[in-house]
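Everything on this sheet refers to the single structure shown next.
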Amino acid sequence: MNLLESVKMAIKSIKSNKLRAFLTMLGIIIGISSVITLVAVGQGSSQSVTEEIGSLGTNLLTLSVTDTESVQLNLDQLEHFDDLSGISEVAPISSERVMAKKGDNSIQVSITGTTSPYLSIRDLSLSAGRFISDIENELRQKIVVLGSDTASTLFPNTNPIGENIQINGVSFKVVGVLESVGSSLGTSGDNVIIAPLSTTQRVTKNTTINTLYLSAENEEMINRAKFQVQGVMTTLFPNSSDSYAVSSQDDLMETMSSVTDTMTLMLGGIASISLLVGGIGVMNIMLVSVSERTKEIGIRKAIGANRKSILLQFLIEAVVLSMIGGLIGVVSGLGIAKLIGIFSSLSISFSPSVTILAFVFSFAIGIIFGVFPANKASKLNPIQALRQE
Amino acid sequence: MVQLAQVVQEEVDSNMTKPIIEINHLSKSYELGGETVHALQEVSLQINEGDFLSIIGPSGSGKSTFMNMLGCLDKPDTGEYLLDGKNVTTMKDHELAVIRNVKIGFIFQNFNLLNKYTALENVELPLVYRGISVKERRDTAIECLEMVGLGDRQYHLPTQLSGGQQQRVAIARALAGNPSVLLADEPTGALDSKTGKEVLKLLKELNEKGHIIILITHDLEVARKAKRVVRIQDGQLFENGGDWLEPAGIRQNGH
Ligand SMILES: Nc1ncnc2c1ncn2[C@@H]1O[C@H](COP(=O)(O)OP(=O)(O)OP(=O)(O)O)[C@@H](O)[C@H]1O
Ligand SMILES: [Mg+2]
């Protein structure tokens, strides 16, 4: 007897008890579809994060100070970085949360005190007005550039350029509005106020510089630039290498991908558990089916079925069951993920390899959990099987 | 003396027709709760080309056990079973499956049809296991159904057929593989006397076409129609020109 006949037989017997077949498949359907959905959501968000990191520019270096007590950067020291051969521009950052007010409209925002290179280093662009200039920074001018959300909250109907806003009670003049950049890692990049570093430090009464953005001359020099920056930091602040970190976009991406790997591993774990449960369901029903169909097995043996054909029949039945379950699981998983993509802000990314893998897995489940019942069926003694009612 | 006669008989046979089935000193017993049931004791029998043999005997005497041995469904404890000169008792499972599929057609008392398969599919099944192509086996199955007069019931499920019709489907299934030996364990037991007679007529016709028929029956009328009659009592087999078919013997039989 060939494989095609066995498959036909299996489908026939599955068809003859559709409800049971469906219930058997349910475990696998749920397992596979949850894997597909989870992976789509997981990969979607990691992809959007990676894209954002990439959009910041690949020659960006970030020096983040974690301990502002032991590492106190001041403006004069920035020249050491500017002089480095691998670095083209430096922008210091001092940020705080502040209360901004315009008339009846007020908003809690993060104020970023910085210098003029910030615009080009962070690859930002203006939708109106202009950015902070060096001279304004030196003169401690009370001017601000608004993020697009901040601008629309404080100035719902009017053009903000040239208007004044209150920050912690101090009046600032709006000189520019940034183009929207969307949200990144859950925080909106548009809900900001950018002001000269000197003015910000005065308003917030905070003189620390907690971040330096540095841009390398070019992409190739990024690692050299990173070493140079670390070198300067070691000279300026010996023995406090734990208090700051210099990272390139590549480092960030690496961190991200290790997070993604962990997530994938976890999903794999969930997948295995749910599929294991599904597989046990298949085995359970197949065992019931074998004992219910003992007589049928006896008849088949009496008219010339050998052990192999009986084994194949039940094995294929299990495999067909779990593969149909897998197929339904894949389709419903893709559907659910699609719906999540439509009705929520989560981004979705389908992975063909995971989809295929899930399907192959359902095949394997059928084999693994079908072998035991099928083997049991094939070993039945024909006489005893025929006696069964 | 008995053995000598047997040897002579064997020589005569081998000179004339070679036995298809040759059974020597076959025994089978069952252990049940410390008690041993000797279902078959030292049974010997030869069956030749063209034989129509009926087996009679009281209930529980070992007829079905013997039939299952003949049909390669069960293995004896001791003894030898040669089918076409080949020793069946030492064969492996897959070789036995081929024999059941090709050489033997089984007709059961309770039909043993697959309830989820149509009449046609039931008849086709032995050919499926033989690996015959779809078209060819369909044609053969239809032919066999027509032979038993059920050409118009191909797509009926067993549950949609009468008992006699079901038994005829079972016969068609046994015939589909064109086996040399047809084994029928009380094929008329579940049928009324009229349909029983029809089934018997069918078996007789098949015998005339060259199939060996071995028939278990409780009905002496039926048994008498066979060319040879053997009797099994307490697991022992006797063949004796049909003496016990005489009225005196019938009473002794409990009928
Ligand atoms: N699997 C078994 N286990 C135990 N004893 C068995 C088994 N099969 C048959 N027997 C015993 O073997 C003996 C012969 O049984 P068998 O079925 O061959 O009788 P039979 O002649 O066909 O009877 P009937 O005419 O009622 O069908 C019986 O005593 C029965 O109890
Ligand atoms: Mg019996």
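Some notes on this structure:
- If the convex hull is drawn through the Cα atoms of the protein assembly as shown, its volume per residue in Å³: 267 Å³
- Chain B: angle of helix B:2-16 to the longest principal axis, Cα-based, in degrees nearest 10: 40 degrees
- Considering every alpha-carbon pair of the stretch A:72-236, the percent of pairs per 5 Å bin, from zero through the bin containing the longest distance, is 2, 9, 18, 21, 19, 15, 9, 5, 3, 1, 0.
- Protein heavy-atom accessible area occluded, B/A pair - total, 1.4 Å probe, Å²: 2200 Å²
- For chain A, a Gaussian network of Cα nodes joined below 10 Å ranks A:293, A:130, A:122 by mean-square fluctuation, and the top entry is A:293.
- Nearest 10 degrees, 0 to 90: helix A:222-236 Cα axis against chain A principal axis: 50 degrees
- Area of residue A:254 that stays accessible when all protein chains are in place (1.4 Å probe, Å², to 10): 120 Å²
- Solvent-accessible area of the stretch A:72-236 (1.4 angstrom probe, protein heavy atoms only): carbon and sulfur portion equals 45 percent.
- Minimum 50 Å² accessible area buried by the other protein chains, the stretch B:129-175 residues, probe 1.4 Å, relative to alone: B:129
- Rolling a 1.4 Å probe across the protein heavy atoms gives the protein assembly as shown an accessible surface of 48 Å² per residue.
- Sequence of A:138, A:179 from largest to smallest accessible area, 1.4 Å probe: A:138, A:179
- Our compactness index for chain B, the C-alpha radius of gyration over the empirical 2.2 N^0.38 Å, is 1.02.
- Normalised contact order of chain B, rounded percent, pairs of Cα under 8 Å and 6 or more residues apart: 26 percent
- DSSP-defined antiparallel bridges as percent of all bridges, the stretch A:72-236, nearest 5: 75 percent
- Accessible surface ranking that places the most exposed of A:114, B:89, B:78, A:207 first, with a 1.4 angstrom probe: A:207, B:78, B:89, A:114
- Per-residue accessible area (protein heavy atoms, 1.4 Å probe) orders A:85, A:247 as A:85, A:247, starting from the largest.
- Once the Cα atoms are used to define both axes, helix A:18-55 deviates from the longest principal axis of chain A by about 20 degrees.
- Interface burial in the stretch A:1-33, defined as at least 10 Å² less accessible area with all protein chains than with the chain alone at a 1.4 Å probe, covers A:1, A:5, A:8, A:9, A:12, A:16.
- Equivalent-ellipsoid semi-axes for the stretch A:1-123 (Cα gyration tensor, √(5λ), whole Å, largest first): 62, 22, 13.
- For the stretch B:98-112, heavy-atom accessible area (probe 1.4 Å) falls by no less than 40 Å² from the chain alone to the full protein assembly at B:100, B:112.
- Bridge orientation summary for chain A: considering DSSP beta bridges with both residues in this region, about 80 percent are antiparallel.
- Qualifying lysines (Cα of each under 18 Å from Cα of residue A:173; at least 8 residues distant if same chain): A:101, A:102, A:142
The values are calculated or read from the model by the stated rules, or taken from the named source; none is laboratory data. Just so it is clear, the structure is predicted and the values come from calculations on it, not from any experiment. Remember, those area values only see protein heavy atoms, side chains included, never the ligands or the DNA or RNA. Shrake-Rupley method; radii C 1.70, N 1.55, O 1.52, S 1.80 Å.
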